[in-house]
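First up is the structure itself, then whatever we jot down about it.
The values are calculated or read from the model by the stated rules, or taken from the named source; none is laboratory data. Being a predicted model, the structure only gives us computed values, none of them experimental. Cβ atoms come from the backbone with ideal geometry, glycine included; neighbour counts cover every protein chain shown.
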Amino acid sequence: MITFKANYLTTNYIPKVNPKESNLTQRVSFVSFNLKDKNDLQTLKNLSRNWLGKSFAFRIYDDFKNHSKAPLKEYPLYFYGLTLQQDNFEKLDPKLMLGIAEAAPLIDDTFNTFCDFYTYNDCEINFIQANPKSKYPNYSNGYKDIGKMLINCISNVFSNSNIWVAPAADAIGFYEKLGFESFPGILEMVLKKGSQLIKK
């Protein structure tokens, strides 16, 4: 059966920060956006407008919009979100979104022309963005580990793949803490999982 709505994938818990209480956790839903769903498109459009500043939300929305019109079979893109929403995923509420991400499985040998270290069926996270108004320490009542949770969820989806990122200089430390490693001769970092990372 084909469903034209965001797909619920898993339930997780992330730390919630409250000055008056400690050791709080918040239940969150990990979802995938459906390229054929106009509501999902509108949700990402709203996020691109509302998450201003240094945000990848517009890039993610723009790729989703273009890919929904003319998806490239040789370069599929997948879009994911972390939300406080617990039901009615056919209409995601932008106000409840904590983070979004875009990932691409590297399934075509043409990508190996860019780097000799990719292995078949690896995955690359193109963009990842936490809600600027929800992440701690920007807000005292925010949430911690939004980016970490998104990456963990994506790595579970691509459980037999190495996960690649091309981080900005100020984000390298963040990825190192998650277990990503630098690789000689390239700018990207990899989280080794499942398939072996080998040089061709």
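For region 61-78, a residue qualifies if it is at pLDDT below 90, over 14 Å from Lys38 (Cα atoms) and not hydroxyl-bearing (Ser, Thr, Tyr), and the qualifying residues are Ala70, Pro71, Leu72, Lys73, Glu74, Pro76.
Within region 63-82, the residues that satisfy the criterion of being within 15 Å of the chain's Cα centre (by Cα) and part of a helix (DSSP H, G or I) are Asp63, Phe64.
For the structure I just gave you, tell me whether Ser29 is in a helix (DSSP H, G or I), small (Gly, Ala, Ser) and at pLDDT 90 or above. Full working, then the answer.
Working: in a helix (DSSP H, G or I): no; small (Gly, Ala, Ser): yes; at pLDDT 90 or above: yes.
No, not satisfied.
For region 161-176, the set of residues classified as surrounded by fewer than 11 Cβ atoms within 10 Å (Cβ to Cβ) and within 17 Å of the chain's Cα centre (by Cα) consists of Ala168 only. Just the residues that are within 22 Å of Val165 (Cα to Cα) and either buried (at least 20 other Cβ atoms within 10 Å of the Cβ) or touching a Gly at 6+ places or on another chain (Cβ under 6 Å) (or both), please, taken from region 79-104. Of everything in region 79-104, those that are within 22 Å of Val165 (Cα to Cα) and either buried (at least 20 other Cβ atoms within 10 Å of the Cβ) or touching a Gly at 6+ places or on another chain (Cβ under 6 Å) (or both) turn out to be Phe79, Tyr80, Gly81, Leu82, Leu98, Gly99, Ile100, Ala101, Glu102, Ala103.
Restricting Lys38, Lys54 to residues that are modelled with pLDDT under 90 and loosely packed, with under 12 Cβ neighbours inside 10 Å narrows the list to Lys54. Scanning region 147-195 for residues that are in contact with a Phe, Trp or Tyr (Cβ under 9 Å, 6 or more places away or on another chain) and among the aliphatic types (A, V, I, L, M) turns up Met149, Leu150, Ile151, Ile154, Val157, Ile163, Val165, Ile172, Ile186, Met189, Val190, Leu191.
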